[in-house]
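These notes concern the structure reproduced below.
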Amino acid sequence: MRVKIVIVGVGGQGILFLTRLLSEAARALGHEVIGTETHGMSQRGGSVISHLKVNCGAAPLVRRGTADVLLALDPDEAYRALGFLRNGGVAFVNTGRPDFPSPEIAARLSERNITVYTLNADAVASELGSPALANVVLLGFASGHPGFPWPHEAIVGAVKRVGKVTLRRANERALAQGYAAFSPTAGLLRQESPRSPTPSRHPPARGDTSRGA
Amino acid sequence: MEAVLLGNEAIGRGLVEGGCQVMTAYPGTPSSEILPAVLRFGREPGSAGVYAEWSANEKVAFEVALAASWSGLRAAVAMKQVGLNVAADALTSAAYAGTSGGFVVISADDPGPHSSQTEQDSRLFALFAKVPVLDPATPREAKAMASAAFELSETFGLPVMLRPTVRVCHGRQNVPLEPLRPLARRAHFRREERWVATPARRYRDHLRLGETLEQVQAHFARSPWNTFPAARGPFTLGIIAGGTCSATVEEVIAEAGLAEAVPVAKVGTPYPLPVEPLMEFVGRCERVLVLEEPDAVIELQLPDRRRVAGRLDGTVPPAGELTPDVVFDVVRRQLRELGVADLPPAHDKALDELVGALALPPRPPRLCPGCGHRSAFYAIRRGTRQAILPGDIGCYTLGANLRAVDTVLDMGASISMAAGFYHAHRLAGDERPIVAAIGDSTFVHAGLPALANAVHTGARFVLVILDNRVTAMTGFQPTVESSQLADGSPGVAVSLEALVRGCGVRWLRVVDPYEIGEMIALVKEAQEYTRRPDGGVAVIIARRPCVLHRRDSVTPVPVEVDEACDGCRYCLVAFECPALVMNPTTGRVEIDRRICVDCGECVDACYKGLIVPAATGSA
Ligand code: SF4
Ligand code: SF4
């Protein structure tokens, strides 16, 4: 496993928590982790970005054009961070906007073999009764992708160990719900496929639940 | 044992493993997580036990910790880079006096800057103060250096600076955890001549300091924190990189497949610089590129820079963080100029342009939904006309978004500058209102001398102390008003009112800023006081707990926006609660229920009365 991942969103959306979960999951698998995150003033509702690299040496930041995965909790922040992705990279974006990404950008991403999956994680989290769980829902969603670098079980394990004990059950549920929401047709497809007519809506197809969360 | 730690946690761990017994700090991004980590690890079995305090400011913190060192204990003090300005007086003198127990000064730099008012380089400060510096590249190295810094300090009898940058402080990495072994030390202060700074003695101390630094330099030339490439060359391009830049440039070069062709010398001890081995390396290269943050310190100390390119000759941008993107661009240009390689550009220009064309609104930080500061600033704006509004450093700097903050300079400047604005304008007979705003922690940090000075000199202005009971921006550290200390043990609560009165202030009122109407009236009354013949500085303490810290302090008043809202945007501009959002489809303002905290404060923000308490049960 050799991964560069960038996680973006708005201060308060729980970017740091996702970073902790992913680094803990990687550590538990015996991998070398390095990354860096935004603290301080931007945590008051500003743009927040975390970089995380697994088995990539000692430099903490991801260079533009080299990330394997982008996790975005906000569509505008996703746009700003798309430049981090390498050719063939994958993005998972929390958005309810049916027009994300814009047709021009979708076309450019297709040329570079970049795939974008979208989920309205806010809506899923609200249905779970806690809008603050959108971050974990999106992570669950991403971990449903067979090519996501972290095995889903490793993330489930990290959710059981990281964060406030009182919130762990809720996090587990959010993760499972996001995981179940993934289907290979959620969101924008690769260049040769047509754009799905109804991009990722909740509730989506649940083809993958058999793998168990 | 191994754990993935935040860089600051790793530093805290390293200090405890190194036998730290006294730790002090004033919170400041990116340094704030070090002290809590020392407390946490200091409670583990094997630790000798640690006294740790959040001090009133960095100078106080420095001196409290230094006294522990002069008593023979290992002690550390942590701050952000601008905090070092505040502690500078103590630092420069301490280098002359030296230390007894190991003494580590941690000053965290913020190239970017991400959360600071300057991009200053603590290493330059160390050079100025003549204190050796260690510059870690990664959290793992930061932990090892924190621990080793105590040894270094005791070997040479000097304070040692550990200078992490934000990418180390807020980096995350697997870090090995060594077992803790307590040092069997007891504080014992012994009288020594060098502890008393008299000019005659200081001349000799200065001479000796110079000699000691030469020994440190020789020691650093063999230090494992530096790596000088073994290959003989000659090379067309070589690189000297300090701290995080070394890891960044190594990755850039490795990804370009040039690891053999372009050697990197890594410098972990930027001052005193191991000049000899570095100049020997320069001699093996046609050109050497120096990469360091945020300023030129290594480059500055190289005695012959004819083959050297860096910040000083403009090869490296003169300001800003050296992200891998910037490093890639700089290295790529050098490789092309020297004919070593022609790397393809990294950016997807087409994509960048498409995203640029979306004209995404920038997302600046804002006060939290329900923050009492917002209500206070709104009241200040409503209660004044044409006033000068000096501000200060903390969450409430964001009062600038409500146009309620005209100046922000440094900690405590709101009060001294309010006095300065008063005296300057009075010369022209202009007695316009002045309303300064400062937070409770910043007031104690640097506002007290300024207030006593303003009262004494007869300045006339209104001072609003935004008292949310914590140092909120940096993670809710307790202030002197708290009856709890850093480790949770009881402390003596110091009253803000008593401090204000003690500075000679005779007009003082306390208000809950959520009572916007009441606060507007007080702001007006205070201005009247400043104009009275017997008037002077009027102080309003706007007291309300930080809502992010104490959500339970809000009595819920759910609100809704009436259908008659015509989308005039007044509330968005004048009140700018992040939970008030324009719905472009309906053209009306809506409440973002995901982040609204039901404070009910925006009811005052619609002058048409269209934001109203929700009908029961419908929220
Ligand atoms: S953290 Fe507290 S003080 Fe700072 S903006 Fe939020 S509510 Fe206000
Ligand atoms: S009640 Fe109004 S002011 Fe308070 S958080 Fe909600 S929208 Fe913001």
**OP:** Check B:Ser553 against each of (1) away from ligand 2 (no atom under 16 Å from the Cβ); (2) within 33 Å of the chain's Cα centre (by Cα) and name the one condition it does not meet.
**Re:** (1)
Original post:
Just wondering, is there one or more residues in segment B:497-507 that are under 29 Å from the mean Cα position of the chain (by Cα), in contact (Cβ under 8 Å) with a residue 12 or more places away in the chain and within 16 Å of ligand 1 (Cβ to nearest atom)?
Top reply: no
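Which one of these is at the interface with chain B (Cβ under 10 Å from one of its Cβ atoms) and among the β-branched types (Val, Ile, Thr): A:Thr115, A:Thr66? Working first, answer last.
Values: A:Thr115 fails: at the interface with chain B (Cβ under 10 Å from one of its Cβ atoms).
Step by step, each of A:Thr115, A:Thr66 is checked, and only A:Thr66 is at the interface with chain B (Cβ under 10 Å from one of its Cβ atoms) and among the β-branched types (Val, Ile, Thr).
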Original post:
A:Gly65: touching a Gly at 6+ places or on another chain (Cβ under 9 Å) and at positive phi, yes or no?
Top reply: yes
Subject >> segment B:366-391: number of residues that are within 16 Å of ligand 2 (Cβ to nearest atom) and either under 21 Å from the mean Cα position of the chain (by Cα) or not in a helix (DSSP H, G or I) (or both) >> reply: 7
**OP:** Give me a count of the residues in segment B:459-481 that are over 25 Å from B:Val523 (Cβ atoms) and away from ligand 1 (no atom under 15 Å from the Cβ).
**Re:** 1
Subject >> Cβ-Cβ under 7 Å pairs, at least 6 apart or on other chains, segment B:263-289 side over 21 Å from B:Arg333 (Cβ atoms), far side of a type in the set (Lys, Arg) >> reply: B:Pro270/B:Arg123; B:Tyr271/B:Arg123; B:Arg284/B:Arg232
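With out of contact with any Asp or Glu (no Cβ under 6 Å at 6 or more places or on another chain), in a helix (DSSP H, G or I), at pLDDT 95 or above and basic (Lys, Arg) as the only criterion, which of B:Arg202, B:Arg167 stands out? Step through it out loud before you land on a result.
On the way: B:Arg202 fails: at pLDDT 95 or above.
Sole residue among the options that is out of contact with any Asp or Glu (no Cβ under 6 Å at 6 or more places or on another chain), in a helix (DSSP H, G or I), at pLDDT 95 or above and basic (Lys, Arg): B:Arg167.
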**OP:** Within segment A:105-115, identify whether any single residue is in contact (Cβ under 8 Å) with a residue 60 or more places away in the chain and at positive phi, and answer yes or no.
**Re:** yes
**OP:** Could you tell me which numbered condition B:Val511 fails, if it satisfies all but one of (1) modelled with pLDDT of 95 or more; (2) touching a helix residue (DSSP H, G or I) at 6+ places or on another chain (Cβ under 8 Å); (3) within 16 Å of ligand 2 (Cβ to nearest atom)?
**Re:** (3)
Original post:
So B:Ala230 fits all but one of (1) without any contact (Cβ under 8 Å) to a residue 24 or more places away in the chain; (2) under 18 Å from A:Ala58 (Cβ atoms); what number is the exception?
Top reply: (2)
**OP:** Give segment B:586-612 a look and list any residue that's within 9 Å of ligand 2 (Cβ to nearest atom), more than 14 Å from every other protein chain (Cβ to nearest Cβ) and not acidic (Asp, Glu), or say none.
**Re:** B:Cys599, B:Gly600, B:Cys602, B:Val603, B:Ala605, B:Ile611
Subject >> Hits in segment B:363-386 - residues which are under 12 Å from B:Asn401 (Cβ atoms) and either more than 16 Å from ligand 1 (Cβ to nearest atom) or more than 12 Å from every other protein chain (Cβ to nearest Cβ) (or both) >> reply: B:Phe377, B:Tyr378, B:Arg381
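Restricting to segment B:336-374, name every residue that is more than 30 Å from B:Val470 (Cα to Cα) and in contact with a Lys or Arg (Cβ under 8 Å, 6 or more places away or on another chain). Give the derivation first.
Of all residues in segment B:336-374, those more than 30 Å from B:Val470 (Cα to Cα) come to B:336-361.
Matches in segment B:336-374: B:Leu338, B:Asp342, B:Leu343, B:Pro345, B:Ala346, B:His347, B:Asp348, B:Ala350, B:Leu351, B:Leu354, B:Val355, B:Leu360.
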Subject >> Long-range neighbours under 8 Å by Cβ, at least six apart or interchain, first residue in the same structural domain as B:Ala126 (by TED's automatic domain parsing) and free of Cβ contacts under 8 Å to residues at least 60 places away in the same chain within segment B:67-80, second in a loop (DSSP other than H, G, I, E, B) and of a type in the set (A, V, I, L, M) >> reply: B:Val77/B:Ala87; B:Met79/B:Ala87
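What tally of residues in segment B:136-158 results from selecting those that are of a type in the set (Asp, Glu) and either away from chain A (no Cβ under 14 Å) or surrounded by fewer than 24 Cβ atoms within 10 Å (Cβ to Cβ) (or both)?
Taking segment B:136-158 as the starting set, the residues that turn out to be of a type in the set (Asp, Glu) are B:141, B:151, B:154.
Next, from what is left, pick out any that are either away from chain A (no Cβ under 14 Å) or surrounded by fewer than 24 Cβ atoms within 10 Å (Cβ to Cβ) (or both): B:151, B:154.
Residues flagged as of a type in the set (Asp, Glu) and either away from chain A (no Cβ under 14 Å) or surrounded by fewer than 24 Cβ atoms within 10 Å (Cβ to Cβ) (or both) within segment B:136-158 amount to 2.
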Original post:
Of the residues that make up segment B:393-408, is at least one at pLDDT 95 or above, touching a helix residue (DSSP H, G or I) at 6+ places or on another chain (Cβ under 8 Å) and under 16 Å from B:Val537 (Cα atoms)?
Top reply: no
**OP:** Residue by residue through segment A:20-37, note down the ones that are within 7 Å of chain B (Cβ to nearest Cβ) and closer than 24 Å to A:Lys164 by Cβ.
**Re:** A:Ser23, A:Glu24, A:Arg27, A:Val33, A:Gly35, A:Thr36, A:Glu37
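When you go through B:Leu291, B:Leu322 one by one, which is the residue that is crowded, with 22+ Cβ neighbours inside 10 Å, closer than 22 Å to A:Pro60 by Cβ, touching a Gly at 6+ places or on another chain (Cβ under 9 Å) and not assigned by TED's automatic domain parsing to the domain that holds B:Val131? Give the derivation first.
Values: B:Leu322 fails: touching a Gly at 6+ places or on another chain (Cβ under 9 Å).
Just a single option satisfies the conditions, and that option is B:Leu291.
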**OP:** Give the number of residues within segment B:209-249 that are more than 14 Å from chain A (Cβ to nearest Cβ) and β-branched (Val, Ile, Thr).
**Re:** 4
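Let me confirm something: among A:Ala81, A:Ala154, A:Ala91, which residue is of a type outside the set (D, E, K, R), within 14 Å of chain B (Cβ to nearest Cβ) and farther than 27 Å from B:Asp325 by Cα? So that I can check it myself, show each step before the final result.
On the way: A:Ala81 fails: farther than 27 Å from B:Asp325 by Cα; A:Ala91 fails: farther than 27 Å from B:Asp325 by Cα.
Among A:Ala81, A:Ala154, A:Ala91, only A:Ala154 is of a type outside the set (D, E, K, R), within 14 Å of chain B (Cβ to nearest Cβ) and farther than 27 Å from B:Asp325 by Cα.
The values are calculated or read from the model by the stated rules, or taken from the named source; none is laboratory data. Since the model is a prediction, treat every value here as computed from it, not as a measurement. All Cβ positions, even for glycine, are placed from backbone atoms using ideal geometry, and neighbour counts span all protein chains on display.
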